[in-house]
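Each remark here refers to the structure printed beneath this line.
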Amino acid sequence: MPPIPTIALNDGQRFRLLKLDDIIYLGAEGSYTNVHLDGGEKIVISRNLKSISANLPEDLFLRIHHSCVVNLAHSVSFHNGNTSRLEMSNGQKLSVSRTRKHRLMERFVQI
């Protein structure tokens, strides 16, 4: 059996080894990143979103806004309108920027 893909993130107290499948999305908050996990837990990491997302596999994760990277496996629905939104498995509806909407739609065709 192949190993479960994981990422190690320091929450300030310890390194957390997180399964990539458990990450729903990551949201930027200044120089911090909020990691939203399946089950409702939120972890605050003192690294910016760009540095964390550089270590995530591009086939699973996509930046949909300057402040948000999502795990495409947790996407539930996409509302394409004046204000495009992506609904995630935890019920959160995330804004999709106009400049990144096309890439998201391309990825949905690939899935």
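The values are calculated or read from the model by the stated rules, or taken from the named source; none is laboratory data. Quick caveat, the model's predicted, so the values are computed rather than measured. With ideal geometry, Cβ positions are generated from the backbone for all residues, glycine too; neighbour counts draw on all protein chains shown. Please note that ligands, DNA and RNA were not included when accessible areas were found on the heavy atoms of the full protein model with its side chains. Shrake-Rupley method; radii C 1.70, N 1.55, O 1.52, S 1.80 Å.
Based on what the data block shows, is PHE108 surrounded by fewer than 16 Cβ atoms within 10 Å (Cβ to Cβ), under 24 Å from ILE4 (Cβ atoms) and among the aromatic types (Phe, Trp, Tyr)? Answer is no for this residue.
The residues of segment 60-85 that are open to solvent by 80 Å² or more (accessible area, probe 1.4 Å) and under 12 Å from the mean Cα position of the chain (by Cα), listed by number, are HIS66, ALA73.
Kindly indicate whether SER51 is touching a Leu at 6+ places or on another chain (Cβ under 9 Å) and hydroxyl-bearing (Ser, Thr, Tyr). So SER51 fails the test.
How many residues does segment 2-31 hold that are of a type in the set (S, T, N, Q), in contact with a Ser or Thr (Cβ under 9 Å, 6 or more places away or on another chain) and open to solvent by 70 Å² or more (accessible area, probe 1.4 Å)?
To start, the set of residues in segment 2-31 that are of a type in the set (S, T, N, Q) comprises 6, 10, 13, 31.
Filter once more, keeping what is in contact with a Ser or Thr (Cβ under 9 Å, 6 or more places away or on another chain): 10, 31.
Those still in the list that are open to solvent by 70 Å² or more (accessible area, probe 1.4 Å) too: 31.
Within segment 2-31, residues that are of a type in the set (S, T, N, Q), in contact with a Ser or Thr (Cβ under 9 Å, 6 or more places away or on another chain) and open to solvent by 70 Å² or more (accessible area, probe 1.4 Å) number 1.
Scanning for something open to solvent by 10 Å² or more (accessible area, probe 1.4 Å), under 24 Å from ILE4 (Cβ atoms) and in contact with a helix residue (DSSP H, G or I) (Cβ under 8 Å, 6 or more places away or on another chain), does segment 86-93 turn up at least one residue? For segment 86-93, residues open to solvent by 10 Å² or more (accessible area, probe 1.4 Å), under 24 Å from ILE4 (Cβ atoms) and in contact with a helix residue (DSSP H, G or I) (Cβ under 8 Å, 6 or more places away or on another chain): present. Scanning segment 1-41 for residues that are part of a loop (DSSP other than H, G, I, E, B) and acidic (Asp, Glu) returns ASP11, ASP38, GLU41.
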